[in-house]
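Report on the structure given below.
Coordinate-derived values only; no laboratory data. Just so it is clear, the structure is predicted and the values come from calculations on it, not from any experiment. No Cβ is skipped: glycine too gets one built from the backbone with ideal geometry, and neighbour counts run over all protein chains shown.
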Amino acid sequence: MQQEQMTSKITIDATPDAVFDVLVDPTTHAAIDGTGWVREPLDPARLTDAGQFFRMEMYHENHPDKIYEVANRVETIEPPHAIAWKPGTGSPETGEVGFGGWMWRYDLEAVGPSQTTVTLTYDWSAATPEAREVIQFPPFGVEHLERSLRHLSDLATRP
């Protein structure tokens, strides 16, 4: 069976609370990503509950519209240990959000009094046949996750 998720880990010189605080703030997500794909939050409210939606403006050269919007739904939120969300697309006609079946998840574990090991998982195991026709999974290599974790570390440790 083909592996349908990838993970990367980093140890950050910050407490789990400090790292989690960055992750629940959609205004930091473009800086965490660092590719230019994630642009800006259209819903900048902090993430607090499972089921909460937060929309982001996105950009990708291969997307038919180049600039588009995703509606992320928080699937897991366990402060300060885990947060996960599924990206989706809202229908302009009905407003309903459909999901392609991939998910982002961050797991945080305290290491000593002031360090945190963060595991970032990109999981496309539930990707729909329609999504698999459009997207070659994974759409990037593990180095994308590694860079994102370094960006997260920079944000969580800045004064």
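Could you compute the net charge surrounding Val22? Neighbours are other residues with a C-beta less than 14 Å from the C-beta of Val22; K and R count +1, D and E count -1. Charge balance in the 14 Å sphere: -3.
When only the Cβ of Lys, Arg, Asp and Glu is charged (+1, +1, -1, -1), the dipole of the chain relative to its Cα centre reaches about 220 debye. Computed from backbone phi, the HN-Hα couplings of the stretch 109-125 come to 9, 5, 10, x, x, 8, 10, 9, 8, 10, 10, 9, 10, 10, 10, 10, 5 Hz, rounded to whole numbers (Karplus: 6.51 cos²θ - 1.76 cosθ + 1.60, θ = phi - 60°; Gly and Pro given as x).
Just to confirm the filter: which GluC sites (Glu not before Pro) across the stretch 59-138 are DSSP coil and have at most 11 other Cβ within 10 angstrom of their Cβ? Working shown, then result.
Details: sites: Glu61, Glu69, Glu75, Glu93, Glu96, Glu109, Glu130, Glu133; in loops: Glu61, Glu93, Glu96.
Qualifying residues, ordered by number: Glu61, Glu93, Glu96.
All C-alpha pair distances within the stretch 5-157, sorted into 5 Å bins from zero, spread as 2, 9, 17, 24, 22, 14, 7, 3, 1, 0, 0 percent across the bins.
With an 8 Å cut-off on Cα pairs and a minimum separation of 6 or more residues, tell me the relative contact order of the chain in percent. Value for the chain: 29 percent. Working note: Karplus 6.51/-1.76/1.60 with θ = phi - 60° gives the stretch 67-78 the couplings 9, 8, 10, 10, 10, 8, 10, 5, 9, 9, 8, 10 Hz, where Gly and Pro are set to x. Taking Cα atoms only, the orientation of helix 142-157 departs from the longest principal axis of the chain by about 50 degrees. Within the shell of other residues whose beta carbon sits under 14 angstrom from the beta carbon of Ile67, the net charge comes to -2, with Lys and Arg scored +1 and Asp and Glu -1. Remark on Glu69: its backbone amide H falls under 5 Å from those of Met58, a criterion applied only to residues 5 or more positions apart or on other chains, H modelled at 1.01 Å from N.
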